[in-house]
């Protein structure tokens, strides 16, 4: 039997912090042939729009996401996972797992047990082809997760809060399924400040749609959609407002890192 590795203290974790409590086994209750229709019916208009755009792109998603992010997307995901305090024997939930890129990185970096959740059956089909059989995949929405309280040792989510009607309520639901002291971390697109903002605006407003048109009609629609989606989210929820939502959800020790000149941001903290 391989020897369990001792995990280093998580960056930013203080000595003498709250004792670690083991997570309960996740109760995976999402199943059945009609699951897709139930998830789609329960989704908000904003979520349904995202499903319509991204679900057909599963087979090409990772490759073209790398191209359209100028090669940065894999680096962002690696950094996201590096913020998680987990190791062999721990259970980590990856919400909005998509094709499983973050789940793969969690296994590579942490050697933990991973459960992936997504609302798109098409994306999960691709994820099943790429992930080890030990990864459990569940079709469900982030707003109402089919797991018991404190089921997981840590949680990641990527490009999620822009697509829900109530980010605060969604954060509270994500926090619910994590044990006290467990890490919660997110990756989201950012809006650069200062001199970089005009360049970013030109990229998302003109270059991204044009590049998407070259790839496929579906990616052209994504290119047209993303800039407005990112702007609207940051207008409704400026950075300090986002941090307030995290704190109100019961997440403390908040930290963040802006990546790629502010084009992406990772936020992480611990369940109180």
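Kindly list the number of the only condition in (1) more than 18 Å from the chain's Cα centre (by Cα); (2) at negative phi; (3) at pLDDT 85 or above that fails for residue 242.
Unmet condition: (1).
State the number of residues belonging to the stretch 119-142 that are in a loop (DSSP other than H, G, I, E, B) and over 15 Å from the mean Cα position of the chain (by Cα).
Residues that pass the stated criteria total 5.
Just checking, does the stretch 105-118 include any residue being within 16 Å of the chain's Cα centre (by Cα) and part of a loop (DSSP other than H, G, I, E, B)?
no
Would you confirm whether or not the stretch 127-140 contains a residue that is under 16 Å from residue 246 (Cβ atoms), touching a strand residue (DSSP E or B) at 6+ places or on another chain (Cβ under 8 Å) and touching a residue at least 40 places away in the same chain (Cβ under 8 Å)?
Checking the stretch 127-140: not a single residue is under 16 Å from residue 246 (Cβ atoms), touching a strand residue (DSSP E or B) at 6+ places or on another chain (Cβ under 8 Å) and touching a residue at least 40 places away in the same chain (Cβ under 8 Å).
So residue 99 passes all but one of these: (1) under 28 Å from residue 261 (Cα atoms); (2) within 15 Å of the chain's Cα centre (by Cα); (3) part of a helix (DSSP H, G or I). Which condition number does it fail?
Only one criterion is unmet by residue 99, namely (3).
The values are calculated or read from the model by the stated rules, or taken from the named source; none is laboratory data. Here the structure is a predicted model, which means the values were calculated and not measured. Here Cβ is always computed from backbone atoms with ideal geometry, including for glycine, and neighbour counts include all displayed protein chains.
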